[in-house]
1. Only helices (runs of 4 or more DSSP H) wholly contained in the stretch B:1-72 count here; list those with 3 or more residues that are farther than 21 Å from A:GLU96 by Cβ and not acidic (Asp, Glu).
2. Mind checking which helices (runs of 4 or more DSSP H) fall wholly inside the stretch B:75-187 and carry at least 2 residues that are buried (at least 16 other Cβ atoms within 10 Å of the Cβ), touching a residue at least 12 places away in the same chain (Cβ under 8 Å) and within 11 Å of the chain's Cα centre (by Cα)?
3. Among B:VAL76, B:VAL19, B:VAL91, which is the only one that is farther than 30 Å from B:LYS130 by Cα and in contact with a Pro (Cβ under 9 Å, 6 or more places away or on another chain)?
4. From the list A:ILE54, A:ILE25, pick out the single residue that is modelled with pLDDT of 95 or more and either surrounded by fewer than 21 Cβ atoms within 10 Å (Cβ to Cβ) or at positive phi (or both).
5. Between a residue in the stretch A:38-54 that is touching a residue at least 60 places away in the same chain (Cβ under 8 Å) and any residue that is outside any helix (DSSP H, G or I), which pairs come within a Cβ distance under 7 Å, given they are 6 or more apart or on different chains?
6. Being part of a loop (DSSP other than H, G, I, E, B) and within 25 Å of B:SER184 (Cβ to Cβ) narrows it down to one of A:ASP182, A:ASP156, so name that one.
7. From the list A:GLY53, A:GLY14, A:GLY47, which residue is out of contact with any Cys (no Cβ under 6 Å at 6 or more places or on another chain) and within 11 Å of another protein chain (Cβ to nearest Cβ)?
8. Could you pull out the residue among B:SER145, B:SER193, B:SER184, B:SER108 that is small (Gly, Ala, Ser) and under 23 Å from B:ILE21 (Cα atoms)?
Amino acid sequence: MNTDPMAVRDLFAGHYFLFAFLASIGALQIAVSNSGIRGLWLTPHAGITRILGIALILTGIAVFFLQPLWVEGPWAAGSVEADSLTREWGKASWSEIAGARNVNDIHGGLDGVKQTGWFALAVILAFFVSAVVGTLSMKILSAAQSGNAGTLTNSDTDGLEGLSNRSYLSNLPISWRNFRTDIRVLWRGELAKTDRWSLMRMLSRKGGSSE
Amino acid sequence: MTSLDANIVIWLNGLSGNVKIFDDLMRLAASDYLMPLVFSLGMLGLWFSGKTPAERVKYQLTMLMGISALSIANVVVWLFNIWLERPRPFVEHGDELNLLFYPPTDPSFPANPVAVGFAAATAAWTINRKFGWWLYAAATLFGFSRLYAGVFYPTDIVGGAIVGIVIYGFTTYLRRFLEPLITSFVRLMRGLSAA
């Protein structure tokens, strides 16, 4: 049976993206629950958020590696000699499942560059899902408590630090404003401290700027 | 050296076929998807870790160095591949090996997956010893599983580990030539509330 590597690649890409998304949102939840970044929590409680994070990672791994049981594909079917031109397109059995995903990238598996691209997209999506759910969760909590936990006005804290007690939507304008205010000073200060062979320092000298 | 290398891979791979569940675990660990995702998740987790803003910036700068080291390690492995073109063990000793993994078509030395794993683990180790040791263990398991599967020689694994560690050190050294670009990137991420 002839199996087009492009068709295999499309199948792998979709499965890998789901895998990377579930695992990265899980890892994100564990990290933000440990460091108290409440604006990105999927639940209002640190302990539950951490357990949810672990569950999401395990779900991602389980779904990705067990999918060949119910999804038809070019699974290795127990034979490492098979390639995309010779392997059967079908479902894998339990005895084949451990090696089912071991498909060479020249036969439609994902190479490192493609994995990196899909992983980056999955992380961006995981971050925004966490930010949206975290914002809704903080708004609902602050409304229930009739307080303003979602809109603290202290502009000294920003970035992830600001997300400790502010929602993403409340934190973003403050962080961006602070960035715009600080970046020129920071750039000049860091440039002055940097190595004399710094590429940026040499470019700035070439551009005629004085120190 | 070459014959010792071959003898080790033939002996180790010869243990396969006895305990199916162990072979299956090795097939999973050798997968192109599982361990690379573990390294990536480790780096993602560290980006958002840190209890204070200063600690967080240190973590994030280190993770950027780690990501850069992964890319540079890939290039260095590719250059070694072109230079040495060492055939895979199953090419030279195919009749003595029970291959548990698909037969890769690129050269054997140094082991690319191990180089990437050790670069990520070294980055993590410099800021969090305990977590770093876990990632070193994962990278070692990744290398061992590929050795057990019959697709690398032991010296490929050792070579990959050395490339990963050395390239991370080199990338950290290179950072001084790219400042303040790196710090400004972290500051931009902070402006987007992502750092």
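The values are calculated or read from the model by the stated rules, or taken from the named source; none is laboratory data. Here the structure is a predicted model, which means the values were calculated and not measured. Every residue, glycine among them, receives a Cβ derived from its backbone with ideal geometry; neighbour counts consider all protein chains shown.
1. B:2-14, B:34-47
2. B:112-127, B:129-149, B:154-178
3. On the way: B:VAL76 fails: farther than 30 Å from B:LYS130 by Cα; B:VAL19 fails: in contact with a Pro (Cβ under 9 Å, 6 or more places away or on another chain).
Sole residue among the options that is farther than 30 Å from B:LYS130 by Cα and in contact with a Pro (Cβ under 9 Å, 6 or more places away or on another chain): B:VAL91.
4. Answer to the check: A:ILE54.
5. Final answer for the pair search is A:ARG38/A:LEU163; A:ARG38/A:SER164; A:ARG38/A:ASN165; A:GLY39/A:LEU163; A:GLY39/A:ARG166; A:GLY39/A:SER167; A:LEU40/A:LEU163.
6. Numbers: A:ASP182 fails: part of a loop (DSSP other than H, G, I, E, B).
A:ASP156 is the lone residue from the list that is part of a loop (DSSP other than H, G, I, E, B) and within 25 Å of B:SER184 (Cβ to Cβ).
7. A:GLY53
8. Numbers: B:SER193 fails: under 23 Å from B:ILE21 (Cα atoms); B:SER184 fails: under 23 Å from B:ILE21 (Cα atoms); B:SER108 fails: under 23 Å from B:ILE21 (Cα atoms).
None of the other options fit; the residue is B:SER145.
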